[in-house]
1. On a full-extension model of 0.36 nm per residue, what is the gain between THR51 and ASP127, subtracting their alpha-carbon distance, rounded to one decimal in nm?
2. Of the peptides 75-84, 128-137, how do they stack up when ordered by the mean number of other Cβ atoms within 10 Å, highest first?
3. So, in nm, how far is label TRP85 from label ALA176 when the simple model puts each one 7 Å beyond its Cα toward the Cβ?
4. Residues in segment 80-113, backbone N under 15 Å from the label point at SER59 (7 Å along the Cα-to-beta-carbon vector): list them, ranges by number please.
Amino acid sequence: MMKLLAGAVLATGTLAVPVVALALPAAAQTQQAACVTVHDHINKTDNGHGTPSEWADLSLNRTTKVCGNEKAGYKVTLIDKGTLWTRKDAGTPNGTGGQILNHVPGVVYGIYSLTATGGTFAHNHGDTSASSTEYVKSLFSEGTTVTGGKYAWAYQTRCRERWLDSSVNNDGQGAAAGNITGKLCGKPSQTPTPTPTPTSPGGGGGSTPTTVPSGAPQTGDGSSGGGNTVLVAAGALVCALGAGSGLVLWRRRQQH
């Protein structure tokens with residue numbers, strides 16, 4: 001369970017201001033929803049609903065897009081992409097009971113929408129030891145109010161066990177969210193490389209997707225389904241996340 005719901009490359013945030021803004025009056029320029037993108041790399045332990053709760057070690061590349069200004073407030077979209085290793089003997093993450101049987105690898109994708117008010121964007125890197133909400137708060141000046149919105153993190157092991165932890169499925173609790181037990185494959189496939197393809201409306205807004213991409217998460221252990229299908233459970237959350245810059249379509253690649 002993530003309320004951090006992570007880049008191998010540490011880069012300075014870049015300010016993307018449309019060239020046309022240079023031709024606008026000063027008053028109009030102050031209304032421009034300028035966007036800054038921050039990249040960080042995060043190593044952390046993920047908590048689930050089992051006992052012990054720390055069920056996986058994660059290595060995450062995090063991209064955080066911040067759009068807005070002090071007057072109007074900011075819309076923030078946090079996207080995590082990375083890998084996981086389960087912890088043997090930890091509780092399975094969906095809280096239905098049982099322990100993780102083996103130390104196995106996998107991948108994780110996550111998206112989290114937030115808002116920030118009462119402050120200014122101040123830092124090109126966040127506090128990577130903090131939760132996701134506190135991480136975003138650390139990007140702003142002291143006193144800024146950061147409010148978390150809809151989120152989802154999708155996990156898949158090499159043997160295609162899947163778990164979806166989101167704001168629309170009771171934080172990943174129950175059998176319907178899927179589960180990860182650390183089962184071994186008879187013939188393990190290569191660990192998929194996480195390569196989500198985001199499609200986000202420009203300018204921090206736009207229409208809401210009306211279809212769910214193929215490759216949406218399955219329930220149970222996720223062992224059904226053909227091919228070498230990557231976990232794109234985040235595809236199922238596209239319609240659940242609402243409108244705005246937080247919308248991301250995760251496209252399935254045939255190679256995964």
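1. Working: separation 76, 0.36 × 76 = 27.36 nm, distance 2.74 nm.
Once the chain is fully extended between THR51 and ASP127, it gains 24.6 nm.
2. Values: 75-84: 23.8, 128-137: 18.9.
So the order, starting with the most tightly packed, is 75-84, 128-137.
3. 3.5 nm
4. Those under the cut-off are 81-86, 104-108.
Values quoted throughout were computed directly from the atomic coordinates according to the rules given, and no laboratory measurement underlies them. Remember, it's a predicted structure, so these values are computed and weren't measured experimentally. Cβ coordinates were reconstructed from backbone atoms using ideal geometry, including for glycine residues, and neighbour counts include every protein chain displayed.
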